[in-house]
Each structure stands twice: as structure tokens, then as C-alpha cells.
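J.: What follows is a structure written as C-alpha cells; I'll ask about it next.
The values are calculated or read from the model by the stated rules, or taken from the named source; none is laboratory data. Given the structure is predicted, the values throughout are model-derived calculations rather than measurements. Cβ sites come from the backbone with ideal geometry, for glycine too, and all protein chains shown count toward neighbours.
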Amino acid sequence: MKVVASWSGGKDSCYAAHKAMQGGHRLLSLLNFVSQGGGQTMAHGLHPHLVRAQAEALGLPLVQRETTRHTHEQELKRVVTELKGQGLEGIVFGDIDLVVHRDWLERVCLEMGVTPILPLWGLKPEEIVSGFLDEGFEAIIVCTRADLGPQWLGQRFDRNFLEHLARLGMHPCGESGEYHTLVVDGPLFKHRLEVNGGRPVLRDGYWFWELSGYGGEG
């Protein structure tokens, strides 16, 4: 099936795309939404240029559109209608266990005439994070909830971090928004995405890692 991946830049959307491709689906492009005005991505608060650099490192086309929380469904339907003209048949999502969101995306996909593909759905969270690391993906932490503190920002997503989450009783995958990641390397990548430091910024109850530079070598 010809598919696009709903793309945040983080581990779950990346691993879901990887699993979908392992399952025989053909990934046409990545689909990413940014806030109206283009200041940051809707999901993880990343600069849109960073996601474009990530797509280049992956060697995949990126479809990036502006939206708001109120117009997201409308914009999603608009872009999917355009992509169906290129043969799109399904959309890959990184959802794990939030039933309300799955109900929403299944309804929207039905209305658009495309198939929702959820390779991670129903898997144990520990299985997902272990599989992501074991298969050679690498990510850094770019956002944490205020109660986690800024000390993890810019650090590698690894088992040390996961052990810390477990001690706090937090979801390993951060399904309640405890943290977000940026994938910088792994099996899907043509070359590594290099990030060159940053600074912590507190905004709306979350710490964000504002990167000072990024790039890579082809």
C-alpha cells in the first residue's frame, strides 16, 4: 500500500514508519503540521526547518502545512485529498494506546477514503522503546514537562532516561506528553542529522530545547 507517515520528528512516528515499511508498505512522504505563522511544529514545538533537515537526512519528501488546533482536521483532509491524486492509499500513525485519538483518526480516515495504519497500537510501551533502541535508532530529548526539569534536554534518549521515568511512574513512551524526542539517526536515515547544542526555554509548562544549529553529511 502507498502511504504517508504522520510525522512529528519523534521516536513514535519514526518507529511506526519503520514498522510499516517492514510490513511491506511503500512510504511516499512525511506529513508534518506547523503552527499558523510557521513558528514551530504542532506536535513537539520544533522549528520547521529542523524537520525539513531531518527529512533530507532520511531522503524522503516532506509535506509540511500550517494549521491550528481548530483547523487541523480541515487541513488534514485538504492535504490528503491532494496526495490521493498521487496514489496515496493509507496514513501511518504512531499512536499507541490513546483510544480517543484513535477513534478520531479512524473517523477522519474513513471520511477521506484512506486506510489508517497503526503499527505500534497495542504493543507494550516497554516493547516499543526497547525495539526502537535495539534496532539502532538514536534520538535526543527536545521537550520535557516542567516537572521533569530541563536537565534532560539535549541528552540522548536511552535506557538511563527510561529508568528515571520508571522511578517516577511515568509512561515509557511519554503518551501523556511527559517528553518529546527528535530522531537523529537509524535504519531509515541516509545520513545522520547533526545537532549542535541549544538552550532550554520554559514555555506553557514545558521545557523546550532550542537548537542552535543542525546539519549533516550526505
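J.: Any chance region 11-32 includes a residue that's under 28 Å from Y206 (Cβ atoms), modelled with pLDDT of 95 or more, of a type in the set (S, T, Y) and under 13 Å from the mean Cα position of the chain (by Cα)?
T.: Yes, some residue in region 11-32 is under 28 Å from Y206 (Cβ atoms), modelled with pLDDT of 95 or more, of a type in the set (S, T, Y) and under 13 Å from the mean Cα position of the chain (by Cα).
J.: When you go through (1) touching a His at 6+ places or on another chain (Cβ under 9 Å); (2) in the same structural domain as A16 (by TED's automatic domain parsing) one by one for I141, which number turns out not to apply?
T.: (2) is the only condition that I141 fails.
J.: Return yes when R65 is assigned to a strand (DSSP E or B) and not assigned by TED's automatic domain parsing to the domain that holds R192 and no when it is not. Don't jump to the end; show me each part of the working.
T.: Values: assigned to a strand (DSSP E or B): yes; not assigned by TED's automatic domain parsing to the domain that holds R192: yes.
Against the criterion (assigned to a strand (DSSP E or B) and not assigned by TED's automatic domain parsing to the domain that holds R192), R65 qualifies.
J.: How many of the residues making up region 142-154 are surrounded by 14 or more Cβ atoms within 10 Å (Cβ to Cβ) and part of a loop (DSSP other than H, G, I, E, B)? Spell out how you get there, then give the answer.
T.: Applying the first criterion (surrounded by 14 or more Cβ atoms within 10 Å (Cβ to Cβ)) to region 142-154 yields 142-145, 148, 150, 152-154.
Imposing the further condition that a residue be part of a loop (DSSP other than H, G, I, E, B) reduces the set to 153-154.
The number of residues fulfilling the criteria is 2.
J.: For D95, which of the numbered conditions (1) assigned by TED's automatic domain parsing to the domain that holds L58; (2) more than 15 Å from the chain's Cα centre (by Cα); (3) closer than 24 Å to A55 by Cα fails to hold?
T.: Result: D95 fails condition (2) only.
J.: Another question, then. Going by the conditions given, is L83 in the same structural domain as L58 (by TED's automatic domain parsing), assigned to a helix (DSSP H, G or I), among the hydrophobic types (A, V, I, L, M, F, W, C) and crowded, with 20+ Cβ neighbours inside 10 Å? Explain how you work it out, then say what you get.
T.: On the way: in the same structural domain as L58 (by TED's automatic domain parsing): yes; assigned to a helix (DSSP H, G or I): yes; among the hydrophobic types (A, V, I, L, M, F, W, C): yes; crowded, with 20+ Cβ neighbours inside 10 Å: yes.
So L83 passes the test.
J.: Let me ask something else. So G45 ticks every box in (1) part of a loop (DSSP other than H, G, I, E, B); (2) at pLDDT 95 or above; (3) small (G, A, S) but one. Which box is left unticked?
T.: Of (1) part of a loop (DSSP other than H, G, I, E, B); (2) at pLDDT 95 or above; (3) small (G, A, S), only one is false for G45: (2).
J.: A follow-up question, please. Scanning region 106-136 for residues that are in contact (Cβ under 8 Å) with a residue 40 or more places away in the chain and more than 21 Å from D158 (Cα to Cα), which turns out farthest from the chain's Cα centre (by Cα)?
T.: Applying the filter and picking the extreme gives T115.
J.: Being surrounded by fewer than 21 Cβ atoms within 10 Å (Cβ to Cβ) and either in a loop (DSSP other than H, G, I, E, B) or of a type in the set (S, T, N, Q) (or both) is the filter here, so list the residues in region 155-185 that pass it. Quick ask: steps written out before the conclusion?
T.: Taking region 155-185 and keeping what is surrounded by fewer than 21 Cβ atoms within 10 Å (Cβ to Cβ), we get 155-156, 158-172, 175-178, 185.
Hits for region 155-185 are Q155, D158, N160, G169, M170, H171, P172, E175, S176, G177, E178.
J.: Here is a follow-up. How many residues, within region 105-148, are basic (K, R) and in contact with a strand residue (DSSP E or B) (Cβ under 8 Å, 6 or more places away or on another chain)?
T.: First pass over region 105-148, keeping only residues basic (K, R): 107, 124, 145.
Imposing the further condition that a residue be in contact with a strand residue (DSSP E or B) (Cβ under 8 Å, 6 or more places away or on another chain) reduces the set to 145.
Going through region 105-148 one residue at a time, the tally reaches 1.
J.: A follow-up question, please. Which is touching a Phe, Trp or Tyr at 6+ places or on another chain (Cβ under 8 Å) and not small (G, A, S), of V3, V100, V51? Break it down stepwise before answering.
T.: On the way: V3 fails: touching a Phe, Trp or Tyr at 6+ places or on another chain (Cβ under 8 Å); V100 fails: touching a Phe, Trp or Tyr at 6+ places or on another chain (Cβ under 8 Å).
After ruling out the rest, the residue left standing is V51.
J.: Could you identify the single residue in L76, L30 that is in a strand (DSSP E or B), buried (at least 18 other Cβ atoms within 10 Å of the Cβ) and not hydroxyl-bearing (S, T, Y)?
T.: None of the other options fit; the residue is L30.
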